[in-house]
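Bear in mind these aren't lab numbers, they're just calculated from the coordinates by the rules spelled out. It should be emphasised that the depicted structure is a prediction, and the values quoted were computed from it without experimental measurement. In this analysis, Cβ positions are derived from the backbone assuming ideal geometry, glycine residues included, and neighbour counts consider all displayed protein chains.
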Amino acid sequence: MSAVSVYVPRDASAVALDADGVAAEIGRQARERGVAVRIVRNGSRGLSWLEPLVEVASPEGRVAYGPVGTADVANLFEAGFLAGAPHRLSLGPIDQHPYLKSQQRVTFARVGVIDPVSVAEYVAYDGFQGLREALQTSPVDIVRVVTESGLRGRGGAAFPTGIKWKTVLEQAAPQKYIACNADEGDSGTFADRMLMEGDPFQLIEGMTIAGLAVGATQGYIYLRVEYPHAHRVLGEALAAARRTGFLGQNIMGSGAHFDIDVRLGAGAYICGEETSMLESLEGRRGEVRVRPPLPAIKGLFGMPTVVNNVITLASVPAILHKGAEAYRQLGSGKSRGTLPIQLAGNLKHAGLVERAFGLTLRELLYDYGGGSASGRPLRAVQIGGPLGAYVPASQFDTVVDYETLSGIGALLGHGGIVAFDDTVDMARMARYAMAFCAHESCGKCTPCRIGSTRGVEVIDRIVAGTDREQNLALLNDLCETMVHGSLCGLGGMTPFPVQSALKYFPEDFLPQSPVASR
Amino acid sequence: MFDTQPSREEILALITPLKDQPGPLLVMLHAIQTQAGYVPASVIPVLADELNLSRAEVQGVVSFYHHFRDRPPARVRIEVCRAESCQALHGDRLAAHVEQRTQLRFGESSADGSVSLHPVYCLGLCSASPALMIDGAVHARVTPERFDELLAQAEAKP
């Protein structure tokens, strides 16, 4: 009898819920029972409330069980889960799960499906087709395809990727670099991590295509040190790609050369800002650089550098393979393609949802998210990480794309949405935004370094009811100074969560706040 | 791990293979902390000499990054996420429980060096909040009761 394939994710979110213990227990029980199983450590499908989600490859496709604890494993064997038999934890064919079935997985098409470090599986699922195409395409034409796809930087700035690449392509320099920003520090975001842990070859392929497009032979992945699982997967994947001729010298027999190193960050949020990341890659304090010059002209080690986020680069292989038009057809307004949205915080069904731009917040929070985990009404969401604005429930019909969100004074950022129920104290969240900025400020510019600390103090005085009107005016003034006077987005955007909290939830800033948690 | 402050020879053995990498200081500091558990003061002048930097420049880099520490880690190192997503699922209550249980405030180590408590700003487990890390192992959807179990397991380890 041939071994049955059993999938147990190695994604950090599953491991944090004891997926390693479950995988070990399945192996142990199989040996004891004398049945042959092949345990594959896949990525996560992104249905986080069901992790650890165990799948069995049956003749009818992949059937799922979850959430599985080590104590459930014996029982699953007895019920016949290796043949896909029903069980209390049965979720049926995973492809048919409503959370997944309605998604449009382009960038995450393989995540959770394949063994993330198997080149053979990656190739069997259309892997390296974009690279194959790129090797037969001139740099100018690769850049043109990426430009025509409408892809914009998924890290948060939403700058058109093709235009950035064109700038780097046009520079004459002895060396150019591709620097992948994998310093995913925003709370509520985890798409980069899931992609790197679930389909690292796609990032490797995207970076290689970027290298071919602009004439760079060296890439760096700047990975945050808080992601040790991603670090291990990337290490295995890079070694496998080199071994099989998809990375390094003479890629796919083409004569082209490109290689990638992983560099670890060291716990500094600011290093997600691109110029600070470049300083850190060069081995220095992660202090923001003054622009100009743009990194595309004078970036890493003074050379022209493409700095792109993980998801941006990982979106490129499908664009080269399926064509600019196929990607461009998806989306709404000037936001083209798909967006992996990360549902986080107080939601029943938090996880990853990849859809073409165009869904409303309400659809995401209720149709996918299932409403609050606590069962209480949702009161606000923060979109785009700690520098993103708070959006009240009255605006949940807003469409989640770059322009519509900026129209209501919010921003999409990296696509993370953190939901809060009605026990949230928004004055406390505003205070936290300032305190976080003070903790993470690189110290180079005064509005951010000093302003954030003063901001905490002023909010404390407002909430205490001390000279309320004067302090509200002072906070407003301080926020204006930070927005206009800071060198980068940390100081420049910290006022967004503060001012939105104050605008939509002024009652929370009163000494007698109505908030339940006080 | 080094038993005492590492000698110049021990430090050179670790960092010399990394010298060819461009901008190698962070890479070297990671190698040292991985080996020693921390960045001992004795490495600063050696790194400065080898990289043709001032001691102040090296010290400035070490102190800039939250990850690098200048003393050996506690036997049990607890890092609790304090960011928004965990706050949305009552991470503050969990944090207060952890402080009460360990008798430590965030940023402190116990006097005997057995436990230390640190804030961390996002472990990327935001779809399963609240999250924390104990001795480098991640845990999600942590309740106060679950934390007590995890702490007991960590303390029982040899």
- Globularity ratio of the stretch B:11-158, using Cα Rg and 2.2 N^0.38 Å: 1.21
- Only Lys, Arg, Asp and Glu count, each charged at its Cβ (+1, +1, -1, -1), so figure out the dipole size of the protein assembly as shown about its Cα centre, rounded to 20 debye. 640
- Please work out the C-alpha center-to-center distance from the stretch B:104-119 to the stretch A:311-378 and express it in whole Å. 40
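A:Pro377: net charge of surrounding residues, Cβ under 10 Å, Lys/Arg +1, Asp/Glu -1, itself excluded? Each step should come with its number before you reach the end.
Details: positive: A:Arg376, A:Arg379; negative: A:Asp421, A:Asp422.
So the environment of A:Pro377 carries a net charge of 0.
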- Where a ≥ b ≥ c are root eigenvalues of the Cα gyration tensor, a/c under 1.5 meaning rounded, otherwise prolate if a/b exceeds b/c and oblate otherwise, the stretch A:255-294 counts as oblate
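Which value in Å does the Kirkwood hydrodynamic radius of the stretch A:331-421 take, with 1/r averaged over all unlike C-alpha pairs and then inverted? Show your work: numbers first, answer last.
Values: mean 1/r = 0.0790 Å⁻¹.
Computed over the stretch A:331-421, the radius equals 12.7 Å.
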- Message: Suppose R0 equals 22 Å. What FRET efficiency, 1/(1 + (r/R0)^6) with r the Cβ-Cβ distance, do B:Arg146 and A:Ala85 give to the nearest 0.05?
- Response: 0.10
- Message: Could you tell me how far the Cα centroid of the stretch A:242-275 sits from the Cα centroid of the stretch A:177-219, in Å?
- Response: 8
- Item | Inter-label distance for A:His484 and A:Glu457, nm, one decimal - labels placed 7 Å from Cα along Cα-to-Cβ | 2.3
- By Cβ neighbour count within 10 Å, fewest first, A:Met196, A:Met493, A:Met303 rank A:Met303, A:Met493, A:Met196
- Item | Helix-derived mean residue ellipticity, 222 nm - over chain A, DSSP H n ≥ 4, -39500 (n - 2.57), to 500 | -11500 deg cm²/dmol
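Answer rounded, prolate or oblate for the stretch A:46-204, using the Cα gyration tensor with square roots of eigenvalues a ≥ b ≥ c: rounded when a/c is under 1.5, else prolate when a/b is larger than b/c, else oblate. Each step should come with its number before you reach the end.
Values: a/c = 2.90, a/b = 2.28, b/c = 1.27.
In terms of gyration-tensor shape, prolate.
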- Sites B:Ala13 and A:Arg232, calculated FRET efficiency, Cβ-Cβ separation with R0 22 Å, nearest 0.05: 0.35
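Decide, for the stretch A:119-328, between rounded, prolate and oblate: order the square roots of the alpha carbon gyration tensor eigenvalues as a ≥ b ≥ c, take rounded if a/c falls under 1.5, and otherwise choose prolate if a/b is larger than b/c, else oblate. Walk me through the numbers before you get to the answer.
Numbers: a/c = 1.44, a/b = 1.17, b/c = 1.23.
Rounded, since a/c falls under 1.5.
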- Built amide H within the under 5 Å cut-off of A:Val37, gap 5+: A:Val4
- Long-range tail of P(r) for the protein assembly as shown (Cα pairs > 40 Å, %): 29
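In debye to the nearest 20, how big a dipole does the stretch A:426-509 give about its Cα centre with +1 on each Lys and Arg Cβ and -1 on each Asp and Glu Cβ? Provide the component values of the computation, followed by the final result.
Details: 8 positive and 9 negative charges, 47 e Å.
Taking the Cα centre of the stretch A:426-509 as origin, the dipole is about 220 debye.
Listed here are the pairs A:Lys176/A:Lys334; A:Lys334/A:Lys444; A:Lys164/A:Lys322; which of them are more than 28 Å apart at the Cα? Can you show the working numbers first?
Numbers: A:Lys176/A:Lys334 30 Å; A:Lys334/A:Lys444 35 Å; A:Lys164/A:Lys322 22 Å.
Over 28 Å Cα-Cα: A:Lys176/A:Lys334; A:Lys334/A:Lys444.
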- Item | Options A:Gly351, B:Val138, A:Gly66, ranked by Cα towards positive dipole end of the protein assembly as shown, top entry (Cβ charges) | A:Gly351
- Item | Alpha-carbon centroids, the stretch A:478-500 and the stretch B:16-70: separation in whole Å | 33
- Message: Amide H of A:Arg355 versus every other amide H placed in the peptide plane: which residues, excluding those fewer than 5 positions away on the same chain, fall under 5 Å?
- Response: A:Gln104, A:Leu339, A:Ile341
- Considering every residue in A:16-26, what mean count of other chain Cβ atoms within 10 Å of its Cβ is obtained? 2
- With charges set only on the Cβ (+1 for Lys and Arg, -1 for Asp and Glu), what does the dipole of the stretch A:331-421 come to about its Cα centre, in debye to the nearest 20? 100
- Message: With bins 10 Å wide starting at 0, give me the P(r) of the stretch A:426-509 over every alpha carbon pair, in whole percents.
- Response: 21, 57, 20, 1
- In order through the stretch A:283-292: 3J(HN,Hα) via Karplus (6.51 cos²θ - 1.76 cosθ + 1.60), integer Hz, x for Gly, Pro: x, 10, 4, x, 9, 4, 8, 7, 9, x
- Query: In what sequence, highest mean first, do A:310-318, B:27-35 appear when ranked by Cβ atoms within 10 angstrom?
  - Reply: A:310-318, B:27-35
- Query: Scattering from the C-alpha atoms of the stretch A:4-96 alone, worked out with Debye: what is log10 I(q)/I(0) at q = 0.16, 0.23 1/Å?
  - Reply: -0.53, -1.20
- Message: Using only the alpha-carbon atoms, how far is helix B:91-102 inclined from the longest principal axis of chain B? Give it as 0 to 90 degrees, nearest 10.
- Response: 80
- Enumerate the amide H contacts of B:His118 below 5 Å, restricted to partners 5 or more residues apart or on another chain; note that Pro and chain-start residues carry no placed amide H. B:Ile78, B:Glu79, B:Val80, B:Gly107
